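Take a look at the structure below.
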Amino acid sequence: MNDIVLSTMGIASIGLHCWLSIYAVQRRDRPGALPLTLLGAALTAASLILTLDIVANLSVLNFFGQALVFATVLWTAFTLEYTGRGPAMTRNRLIGLLGLSTVIVVLQVLIIYVFSPGFPYWLFISASNITVISTGGFGIFLVVRSGVTYDDLPLVRALVVAGTGVSIVFIWIAGIILGERLQFDSVFRTVITVLLVSSGGLFALAQYRYDLLEADPSAGHLARNTIFDEMAEAVIVSDRQQQLLDSNRTAEQVFDIGPAVLGEPIVDVIGTSLAPYDGETITIPGRDGRREYEVRQSPVKGSTEKSVGTVYMLRDVTDQQTHEQQLAVLNRVLRHNLRNDFDSIRGFAEPIRDGNTTVDETVAFSKRIRDSAHRIRDLGQKVSHAERLLEWEPLDRNQIDLVAVSESVADQMESKYPDSSVDVSVLKRPLQARTDRETITAVIEELVDNSLKHRQEAGGKVNIELGKANGEIAIVIRDDGPGIPEHERAVLLDGEETPLRHGTGIGLWFVYWGIRRLGGTLSFAENKPQGSVVTVQLPTVD
């Protein structure tokens with residue numbers, strides 16, 4: 001190919017790549033625009049060097065080859081941002097890639113011009129050449145896969161864009177194979193010029209025919225990935241051996257799943273096996289404590305229709321179950337407790353109204369009416385408090401000092417029950433938890449109040465004991481009262497009332513709901529020689 005043709009092609013290459021940079025700058029808000037701008041500048045410089053024939057000796061030729069390192073790396077950076085695949089291409093990461101390219105270039109230049117390029121230096125040169133070629137090849141793979149496998153890009157546009165990468169990578173390969181052997185003869189110049197013009201021409205075709213930066217990659221797999229990550233339900237994917245393959249953003253946040261646990265058994269990652277459950281509800285500990293999840297599973301089938309893995313979808317039903325329990329309990333309260341109290345008021349008020357009572361009976365009946373009215377008032381306040389604390393909004397978790405909260409509750413209860421004493425003992429300091437202050441305060445208040453108000457005589461004693469058990473925070477309420485009836489405890493531990501088995505009030509249910517919402521557990525025991533022990537365990541949430 002004569003010099004005039006080569007020069008003409010070289011000028012065309014300069015113009016095409018210069019246009020590419022200007023075009024990308026004008027669309028700098030589009031995905032891939034910044035690395036494409038730098039790529040166009042690098043290829044413009046390479047075309048200028050070749051066209052002006054300043055590759056006049058081996059030294060300049062080597063500098064020309066090193067400059068192509070940047071072009072190849074910038075091509076891959078463009079594909080990462082353009083396709084949305086692989087690591088997210090931020091400005092800092094782009095700077096990091098350019099920094100790595102600079103290190104490779106500097107070391108190669110030092111080896112060529114300062115040290116002898118023989119053994120062992122040629123090992124580094126060979127490794128760096130393979131790294132650069134592999135990097136460019138990875139960019140080509142991303143674009144082709146986006147068009148062929150995932151349908152993110154129209155197939156023809158993907159092939160045209162991939163063709164630009166092929167040209168750029170082959171410029172580097174040609175420089176390695178032909179550069180030192182042919183140096184700057186016409187064959188070398190012809191091959192490199194043709195490849196440079198090809199890359200510029202394909203970029204121009206990709207824009208004018210297929211809207212390179214004007215049209216984003218089609219929804220396709222990107223949309224499916226977006227939906228996968230934005231689902232409110234936690235999704236976990238396992239292989240046939242029940243090892244973790246993938247998870248969505250919700251699962252990563254709820255169960256604290258990171259890249260380090262990929263490939264680990266699911267039972268080790270989330271604390272329980274999911275394989276036996278489908279359509280069932282199980283308790284799983286997570287970042288916010290123990291929660292109830294409804295598990296659904298679907299097989300992942302390969303081309304042979306055999307299952308190669310399983311997709312588990314976990315829907316948090318804790319709040320839903322709590323609200324269903326609230327409705328059932330409130331229905332019982334309205335039908336049973338309130339009806340009994342109102343019947344009692346009417347039964348005592350009617351004889352007084354009719355004048356059929358003595359003075360002593362009138363005083364006694366009035367006291368019974370007043371007690372029933374107080375119970376109705378307290379019940380209404382408790383229901384209102386429960387509705388406010390257990391509403392659907394997310395909890396306001398903050399780092400709180402449980403010792404200070406417990407001491408505040410103790411002072412409040414001693415003011416309410418002057419003849420009683422409430423002590424706080426701390427087994428371990430500092431004792432802090434990241435939880436909702438209002439809910440845990442209300443829970444402790446209710447437990448202490450429940451211990452004191454059910455005593456038959458004055459002078460009750462309650463101890464709030466704070467410590468840790470099994471890696472969790474433990475709040476133990478000990479009293480010397482009559483204790484909690486067995487049927488009351490059974491109803492709470494089972495989490496369900498029946499017509500023949502139900503609680504007598506709403507206080508302990510309020511405690512149960514609050515602790516459940518905090519992700520904790522509730523347990524009961526008897527205090528020797530008399531009284532009850534109620535233990536609340538809360539997760540140590542970071």
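Here residue 99 meets the list (1) modelled with pLDDT under 80; (2) surrounded by fewer than 18 Cβ atoms within 10 Å (Cβ to Cβ) almost entirely, failing just condition (1).
Checked against (1) within 30 Å of residue 386 (Cβ to Cβ); (2) among the hydroxyl-bearing types (Ser, Thr, Tyr); (3) touching a Ser or Thr at 6+ places or on another chain (Cβ under 8 Å), residue 250 passes all but condition (3). Just one of the listed residues (176, 130, 140) is modelled with pLDDT under 70 and either under 30 Å from residue 203 (Cα atoms) or surrounded by 19 or more Cβ atoms within 10 Å (Cβ to Cβ) (or both), and it is 176. Only residues that are surrounded by 14 or more Cβ atoms within 10 Å (Cβ to Cβ) and either in a loop (DSSP other than H, G, I, E, B) or not assigned by TED's automatic domain parsing to the domain that holds residue 293 (or both) were counted across the range 235-254, and they come to 2. The test for being at positive phi and modelled with pLDDT of 80 or more does not hold for residue 246. Could you check, for the range 67-75, whether at least one of its residues is within 34 Å of the chain's Cα centre (by Cα), of a type in the set (A, V, I, L, M), modelled with pLDDT of 85 or more and assigned to a helix (DSSP H, G or I)? Yes, because at least one residue in the range 67-75 is within 34 Å of the chain's Cα centre (by Cα), of a type in the set (A, V, I, L, M), modelled with pLDDT of 85 or more and assigned to a helix (DSSP H, G or I).
Given the residues 410, 349, 373, which is the only one that is in the same structural domain as residue 539 (by TED's automatic domain parsing), surrounded by 13 or more Cβ atoms within 10 Å (Cβ to Cβ), modelled with pLDDT of 80 or more and of a type in the set (Gly, Ala, Ser)?
Values: 349 fails: in the same structural domain as residue 539 (by TED's automatic domain parsing); 373 fails: in the same structural domain as residue 539 (by TED's automatic domain parsing).
Checking each option against the conditions leaves just 410.
Within the range 255-272, identify whether any single residue is closer than 26 Å to residue 322 by Cβ, in a strand (DSSP E or B) and within 18 Å of the chain's Cα centre (by Cα), and answer yes or no. No, the range 255-272 has no match at all. Out of 336, 323, which single residue is under 30 Å from residue 248 (Cβ atoms) and either of a type outside the set (Ser, Thr, Tyr) or not in a loop (DSSP other than H, G, I, E, B) (or both)? Only one candidate passes the filter, namely 323.
Table: residues versus (1) free of Cβ contacts under 8 Å to residues at least 60 places away in the same chain; (2) aromatic (Phe, Trp, Tyr); (3) not assigned by TED's automatic domain parsing to the domain that holds residue 240.
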{"residue": "265", "(1), (2), (3)": "yes, no, no"}
{"residue": "269", "(1), (2), (3)": "yes, no, no"}
{"residue": "273", "(1), (2), (3)": "yes, no, no"}
{"residue": "277", "(1), (2), (3)": "yes, yes, no"}
{"residue": "294", "(1), (2), (3)": "yes, no, no"}
{"residue": "301", "(1), (2), (3)": "yes, no, no"}
{"residue": "312", "(1), (2), (3)": "no, yes, no"}
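The values are calculated or read from the model by the stated rules, or taken from the named source; none is laboratory data. The shown structure was predicted, so the numbers you read here are calculated from the model rather than taken from an experiment. Reconstructed Cβ throughout: ideal geometry from the backbone, glycine too, with neighbour counts over all protein chains shown.
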